[in-house]
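**Student:** Starting off with a structure, shown below.
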Amino acid sequence: MSLKKAYEAYFKMGTSVSERNLSTEEAKRELVLHYNSITAENGMKPMFCLDWKANTENPEKYNSEPALSFESARKYLDFAKETGISLRGHTLVWHNQTPAWFFKKDYSREENAPLADREVMLARLEAYIKGVLGFVQTEYPGVIYAWDVVNEAIEETEENGWRKSLWYQTVGDDFVLQAFRFARKYAAEDVKLFYNDYCTFVPKKREKITELILKPLLKEGVIDGMGMQTHLILKHNELSEYETSLNTFGALGLEIHVTELDIHNADPSEEGEMALALMYEQLFGLYVKVKEEKTANLTSVTFWGMKDDESWLTGFRKEQSYPLLFGENYALKRAYEAVIAVPSKN
Ligand code: G3I
């Protein structure tokens, strides 16, 4: 049995992959066995697609049309093309993992250099989106089925909802709309455009995302889907609010992708593993339920990491985390058994 086989009637099953995964035979075998979707964990983000040297050494030439570099992206695209596994593009516009000089006048690397103005940043935004989409669609047509056009623009603690990122500071609060307009303009027709965010189950954040982002984008017809990252914590079981979010976004008529699933669990004992398995079972039960009841058009579920010992959570939470379905050497965990059994119970 494999994850993608178990869920083939419901949605794509995916995982994030690192560059190291793509050069490890064992990881590649697991990828082909279990998944029909992959996401580059880091390697297709702006810090990897922007050519640092060319832009910062020759700012006049590239001022409104940044030089791009696809050395890193090609590794993921090549693997996806060879194996026939679809790729989720992650991510075009993000405040993180985008070099600070990209937002500065003349691509300056000086900390206190002035920011570029709105007009220049809009030109850079359009050229970046056009360049990245143009490259993948010309050289790897059909490989990327969806893009996270904008990632994490809402900060629930901010008074007006908008994260005061360098995109917000330079372009203003229409940067999301502008990004989606450009993405729609340059994306192939069958490529789905997503807004992606974390803590989408928090009521205030759900509301801000809906009002400030999804509704305006839907009105313009430039968005296809909502990406619910789904970085959960075992100790806080927030599944009831999570269900409300799935149904709220679903009711807007958007496609839903679960884009970065993991459940932080610091307890590797039998008890901890059983609790993790139970929460995964509830979560996948919910995914199957919304599909069967047609309350949310969930089409893809992606885990954030292939196995526990590679998860970003250990560094982030400052304690060892065991958040995934696979342990060291891809050992199948109780959580794997629980997830794989859900469809047969329905
Ligand atoms: O590129 C440098 C490398 O040159 C250096 O040698 C190495 C030493 O630590 O660091 C490398 O940068 C790391 C980068 O990943 C690329 O590997 C950073 O330290 C590390 O902090 C960074 O973390 C990534 C994080 O995004 C950055 O915010 C995680 O791996 C990645 O899992 C995580 O993914 C994000 C999603 O894109 C968006 N949603 C949240 C999710 C979790 O934070």
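**Student:** List, in order, the whole-Hz ³J(HN,Hα) value for each residue of the stretch 164-174 obtained from phi through the Karplus relation with A = 6.51, B = -1.76, C = 1.60 and θ = phi - 60°; use x for Gly and Pro.
**Tutor:** Per residue, the Karplus-derived 3J(HN,Hα) values read 7, 6, 5, 5, 5, 5, 8, 8, x, 7, 9 Hz.
**Student:** Residues with beta-carbon under 10 Å from that of Ser37, excluding Ser37: net charge, scoring Lys, Arg +1 and Asp, Glu -1? Mind showing how you got there, number by number?
**Tutor:** On the way: positive: Lys4, Lys12, Arg88; negative: none.
So the surrounding residues net to +3.
**Student:** Moving on to the next point. Can you give the extra length, in nm with one decimal, that the chain gains between His236 and Thr295 once fully stretched, where that is 0.36 nm per residue apart less the Cα-Cα distance? Write down the numbers at each step before the final one.
**Tutor:** Details: separation 59, 0.36 × 59 = 21.24 nm, distance 2.46 nm.
Stretched fully, the His236-Thr295 segment lengthens by 18.8 nm.
**Student:** As a test of reading the structure, rank Arg124, Arg29, Arg118 by solvent-accessible area (1.4 Å probe, protein chains only), most first. Numbers along the way, then the final one.
**Tutor:** Numbers: Arg124 0, Arg29 155, Arg118 95 Å².
The most accessible residue leads, giving Arg29, Arg118, Arg124.
**Student:** Tell me the per residue accessible area of the stretch 124-168 using a 1.4 Å probe; a whole number in Å² is fine.
**Tutor:** Details: 1540 Å² over 45 residues.
Ligands and nucleic acids excluded, the result is 34 Å² per residue.
**Student:** Could you let me know the centre-to-centre spacing of the stretch 271-335 and the stretch 63-123, using Cα atoms, in angstrom?
**Tutor:** Measuring centre to centre over Cα atoms gives 30 Å.
**Student:** Follow-up. What is the set of long-range amide H partners of Leu261 at a cut-off below 5 Å, with H atoms built 1.01 Å from backbone N?
**Tutor:** Under 5 Å from the amide H of Leu261 lie the amide H atoms of Thr302, Phe303, Trp304, each far enough along the sequence or on another chain.
**Student:** Which residues' amide hydrogens lie under 5 Å from the amide hydrogen of Val17, considering only partners 5 or more residues apart or on another chain, with H built in the peptide plane?
**Tutor:** Long-range HN contacts for Val17: Thr39, Ala40, Glu41.
**Student:** Same structure again: How big is the antiparallel share of DSSP beta bridges in the chain, given as a percent to the nearest 5? Mind dumping the intermediate values first?
**Tutor:** Values: 5 of 42 bridges.
Antiparallel bridges make up about 10 percent of those DSSP assigns within the chain.
**Student:** Identify all aspartates and glutamates with a Cα-Cα distance to Lys345 below 16 Å; exclude those on the same chain that are fewer than 8 residues away in sequence.
**Tutor:** Cross-link targets: Glu8, Glu281, Glu292, Glu293, Glu337.
**Student:** Would you mind working out the magnitude of the charge dipole of the chain relative to its Cα centre, with +1 at each Lys and Arg C-beta and -1 at each Asp and Glu C-beta, to the nearest 20 Debye? Write down the numbers at each step before the final one.
**Tutor:** Working: 41 positive and 54 negative charges, 134 e Å.
Approximately 640 debye in magnitude.
**Student:** Pop out the ³J(HN,Hα) list for the stretch 334-346 in order, Karplus 6.51 cos²θ - 1.76 cosθ + 1.60 with θ = phi - 60°, rounded to Hz; leave Gly and Pro as x.
**Tutor:** Whole-Hz 3J(HN,Hα) from phi for the stretch 334-346: 4, 4, 4, 4, 5, 5, 5, 7, 4, x, 6, 7, 9.
**Student:** Within the stretch 1-109, what is the number of lysine pairs with alpha carbons under 21 Å apart, leaving out pairs fewer than eight places apart on the same chain?
**Tutor:** 19
**Student:** What order do Ser16, Ser344 take when sorted by accessible area (1.4 Å probe), most exposed first? Mind showing how you got there, number by number?
**Tutor:** Numbers: Ser16 0, Ser344 100 Å².
Accessible-area ranking of Ser16, Ser344, largest first: Ser344, Ser16.
**Student:** Okay, moving on. Taking amide H positions as placed 1.01 Å from N in the peptide plane, with prolines and chain starts having none, which residues 5 or more places from Ser321, or on another chain, fall under 5 Å of its amide H?
**Tutor:** Thr314
**Student:** How about Lys192: which aspartates and glutamates have a C-alpha closer than 14 Å to its C-alpha, ignoring those fewer than 8 places off in the same chain?
**Tutor:** Correct list for Lys192: Asp148, Asp224, Glu255.
**Student:** Now for a separate question. Top mean-square fluctuation among Glu30, Glu71, Glu159, Gaussian network model of the chain, C-alpha springs under 10 Å?
**Tutor:** Checking each option, the largest mean-square fluctuation is seen for Glu159.
**Student:** Can you pull the percent of the stretch 225-265's accessible area that's carbon plus sulfur, 1.4 Å probe, other chains left in place?
**Tutor:** Values: 600 of 1210 Å².
The nonpolar share, carbon plus sulfur, comes to 50 percent.
**Student:** Which of Asn42, Asn58, Asn21 moves most in a GNM of the chain, Cα contacts under 10 Å?
**Tutor:** Asn58
**Student:** Sticking with this one: Pop out the ³J(HN,Hα) list for the stretch 211-225 in order, Karplus 6.51 cos²θ - 1.76 cosθ + 1.60 with θ = phi - 60°, rounded to Hz; leave Gly and Pro as x.
**Tutor:** Whole-Hz 3J(HN,Hα) from phi for the stretch 211-225: 6, 7, 10, 5, 4, x, 6, 5, 4, 8, x, 10, 10, 10, x.
**Student:** So which trypsin sites (Lys or Arg not before Pro) in the stretch 273-346 end up in coil per DSSP with only 11 or fewer other C-beta atoms within 10 Å? It would help to have the intermediate numbers written out before the result.
**Tutor:** Details: sites: Lys289, Lys291, Lys294, Lys307, Arg317, Lys318, Lys333, Arg334, Lys345; in loops: Lys294, Lys307, Lys318, Lys333.
Listed in order of number, the matching sites are Lys294, Lys318.
**Student:** As a test of reading the structure, rank Arg88, Arg109, Arg184 by solvent-accessible area (1.4 Å probe, protein chains only), most first. Walk me through the intermediate numbers first.
**Tutor:** Values: Arg88 0, Arg109 160, Arg184 65 Å².
Reading off the accessible areas and sorting them downward yields Arg109, Arg184, Arg88.
**Student:** Which value, in Å² and to the nearest 10, is the accessible area of Tyr336 when all protein chains are kept and the probe is 1.4 Å?
**Tutor:** 10
The values are calculated or read from the model by the stated rules, or taken from the named source; none is laboratory data. This structure is a prediction, so every number in the text was calculated from the model and none was measured. No Cβ is skipped: glycine too gets one built from the backbone with ideal geometry, and neighbour counts run over all protein chains shown. Protein only, heavy atoms only, side chains kept; ligands, DNA and RNA dropped before computing areas. Shrake-Rupley method; radii C 1.70, N 1.55, O 1.52, S 1.80 Å.
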